[in-house]
Amino acid sequence: MMQSLEQRIDSYLHNRMDVKEKTDFEREMASEKNLQKEVELQKAAYLAIEKHGDAEIRERVHFRDISQLE
């Protein structure tokens, strides 16, 4: 089953890709500036929720891996 772009970004940011998937995704980001921008936007949104969102939202989004990207 093919993941949507949003799901792929989420998997990347939450470190749920295997080595090959991650390498391929990073290669794709390097060649596609729009994808790179989308990843940065989603990462910023996660970090903002982590810092300023309420506890229930933070718990649902699972930020442990995201915080390592700061």
> What does the accessible area per residue of segment 1-44 come to in Å², with a 1.4 Å probe and no ligands, DNA or RNA counted?
Replying inline: 75 Å²
> Say R0 is 25 Å: what FRET efficiency, to the nearest 0.05, do Ile49 and Met2 get from their beta-carbon distance?
Replying inline: 0.40
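The values are calculated or read from the model by the stated rules, or taken from the named source; none is laboratory data. Treat the numbers as computed from the prediction; the structure is a model and nothing was measured. Backbone-built Cβ (ideal geometry, glycine too); neighbour counts: all protein chains shown. When the accessible area is computed, the model is the full protein with side chains, heavy atoms only, and any ligands, DNA or RNA have been set aside. Shrake-Rupley method; radii C 1.70, N 1.55, O 1.52, S 1.80 Å.
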